[in-house]
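Engineer: Got a structure for you, written out below as structure tokens; questions coming shortly.
Nothing in this text is a laboratory measurement; each read-out follows from the coordinates by a stated rule. Since the structure is predicted, the reported quantities are computational estimates derived from the model, not experimental observations. Note: ideal-geometry Cβ built from the backbone for every residue, glycine included; neighbour counts use all protein chains shown.
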Amino acid sequence: MARVRCLGHEPVTVPELNGRTVEPDEVVEVPDDRFEAYVCQTANWESVEEPGSKKKTAARPQKDEG
């Protein structure tokens with residue numbers, strides 16, 4: 001799933017996300033096939049993670065082989 005950030009100044013209710021209320025500056029996951037419908041609203045949403053991107057994970061510490 002893609003991720004977008006809410007750029008508004010007030011919370012918004014997003015019917016497409018099961019009526020979820022999204023707070024200003026909150027990052028939410030949206031279906032990949034609906035990503036463009038969010039980011040084309042440049043005053044309301046910005047891209048955080050595009051569709052098909054792999055989530056960044058923390059690097060695992062390497063074991064000491066000593």
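Engineer: Please give, to one decimal in nm, the separation of the simple spin-label points placed at Glu50 and Glu10, each 7 Å out from Cα toward the Cβ.
Structural biologist: In this crude label model, Glu50 to Glu10 measures out at 3.4 nm.
Engineer: What percentage of all Cα-Cα pairs in the range 1-57 are separated by more than 16 Å?
Structural biologist: 36 percent
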